[in-house]
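Every number in this text was worked out from the coordinates using simple rules, so none of it is lab data. Treat the numbers as computed from the prediction; the structure is a model and nothing was measured. Neighbour counts are summed over all protein chains in view; Cβ atoms, including those assigned to glycine, are modelled from backbone coordinates with ideal geometry.
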Amino acid sequence: MTSNPPVPFFSGAASVRRQWPEVSGLVRQAAARGTFVQGPLVGELEERIAQYTGARNAIACGNGTDALILMLQAAGIGPGDEVVVPAYTFFATASCVVHVGAEPVFVDVDPRSYALDPAAVRAAIGPRTKAIMAVHLFHRTADIAVLRDIADEHGLELFEDSAEAIGMRVAGRHAGLWGRGGVLSFFPTKTLGAWGDAGMVLTDDDELAQRVRRLRSAEESVGDGDPAEAAHSVCDEIQAAVLLTRLSVLDQDIDRRARLAAHYTRRLEPLAPVVTTPVIAPAKEQGSTVWYVYLIETDRRTELIEYLTAHEVGTEIYYPRPLTEQPCFRDLPGARHPVPVAKAAAERAVGLPLYPDLTDEQVDRVCDLIHAFHGGPR
């Protein structure tokens, strides 16, 4: 063990202390009104996110997973349809497809972005393919313009699991708005995180937005559709108060994350090729970079995690296995495509602490330990 203070994988404690006066003021307003779910603060949050992203519609719900389900359900994706998804991503990217009765078709990812490999997408399209689900992971977007072209060529819907992508833009267009719809997650660790959970559907399609609003609660479904289909996935006023407060400093938080990521890269690049640092896409290929997770790769991941854990440094595995190896998916017909890049990433990748409250000194400590583990120069 070490006498140094722990470096948690995530902590928002300092931010909570700074933001508490403003949040508590908004919560008191909600309490005085007696409106606690889908009230005025949620409406204001939807308007503010729409302004920030440029979306015509921003519809709040309970969490990012529900947002994915609502989006697909509202778009009419269902039994008999196939949706192309990456094999390396959070579970919900594929589970939402199964939830609406459709079938996920898993394909490999690009080793630089960890997002859908366009060539693999083309190869996986078949007669029952209805949609492509692009995912923007960690710090950069998928090759979304190319995926948009592929969808158009084949007459497919394009959706975006942009849960991690608040602030990411390509050619001036925010993530989640390149296809028919996208989502945001406000899980506490996210770049814009709540103190509980919440999510949002983004879309420029007014018809899709109307359907999502009907489906997110039975009350909004009454008189127009089957209330039994409603998800009852709503956002509460407390989380809206937190998110409105944090939205006011979002750009500063994004800048802070970028500085921390640059610090990590400067310190860890000398360990190449034993440690692989994230690939920064050329500006001509991608738009804005927003650092949600700082992901490195190493062949000795398990030992490194054990070493860092022994020194009270938190880490997170993104992701423990390709979705094609998840027991609930591995026997599906759509899990038969080879996914060597996804498999390698699942065996080698590890996320390091990265959040606005992290200090430069803490980053140095993490990097010192990684250097010491690998026997490299500090």
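Yes/no matrix, rows are residues, columns are (1) surrounded by fewer than 24 Cβ atoms within 10 Å (Cβ to Cβ); (2) closer than 26 Å to residue 354 by Cα; (3) touching a strand residue (DSSP E or B) at 6+ places or on another chain (Cβ under 9 Å):
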{"position": "159", "(1), (2), (3)": "no, no, yes"}
{"position": "162", "(1), (2), (3)": "no, yes, yes"}
{"position": "180", "(1), (2), (3)": "yes, no, yes"}
{"position": "183", "(1), (2), (3)": "no, yes, yes"}
{"position": "186", "(1), (2), (3)": "no, yes, yes"}
{"position": "200", "(1), (2), (3)": "no, yes, yes"}
{"position": "206", "(1), (2), (3)": "yes, no, yes"}
Hey, can you tell me all the residues within the range 91-130 that are of a type outside the set (A, V, I, L, M), assigned to a loop (DSSP other than H, G, I, E, B) and over 19 Å from the mean Cα position of the chain (by Cα)? 101, 126, 127, 128
Mind listing whichever residues of the range 1-52 are of a type in the set (Gly, Ala, Ser) and either within 27 Å of the chain's Cα centre (by Cα) or within 30 Å of residue 351 (Cα to Cα) (or both)? 3, 11, 12, 13, 14, 15, 39, 43, 50
Output yes when any residue across the range 134-143 is surrounded by fewer than 24 Cβ atoms within 10 Å (Cβ to Cβ), farther than 17 Å from residue 120 by Cα and either touching a Leu at 6+ places or on another chain (Cβ under 6 Å) or in contact (Cβ under 8 Å) with a residue 40 or more places away in the chain (or both), and no when none is. yes
Among (1) touching a residue at least 24 places away in the same chain (Cβ under 8 Å); (2) over 16 Å from residue 163 (Cα atoms); (3) surrounded by fewer than 22 Cβ atoms within 10 Å (Cβ to Cβ), residue 105 falls short only on (3)
Matching residues in the range 289-346 (over 23 Å from residue 94 (Cβ atoms) and in contact with a Gly (Cβ under 6 Å, 6 or more places away or on another chain)) number 1
Residues of the range 90-112 being in contact with a helix residue (DSSP H, G or I) (Cβ under 9 Å, 6 or more places away or on another chain) and more than 17 Å from residue 63 (Cα to Cα), in sequence order, are 102, 103, 104, 105, 106, 107, 108, 109, 110, 111
Pairs only if they're at least six apart or on different chains, beta carbon under 8 angstrom, first in the range 306-318 and free of Cβ contacts under 8 Å to residues at least 40 places away in the same chain, second crowded, with 16+ Cβ neighbours inside 10 Å; list them, first residue then second. 309/315; 317/301; 317/305; 317/349; 317/350; 317/351
If we keep just the residues of the range 244-271 that are crowded, with 17+ Cβ neighbours inside 10 Å and touching a strand residue (DSSP E or B) at 6+ places or on another chain (Cβ under 9 Å), which is farthest from residue 59 (Cα to Cα)? 271
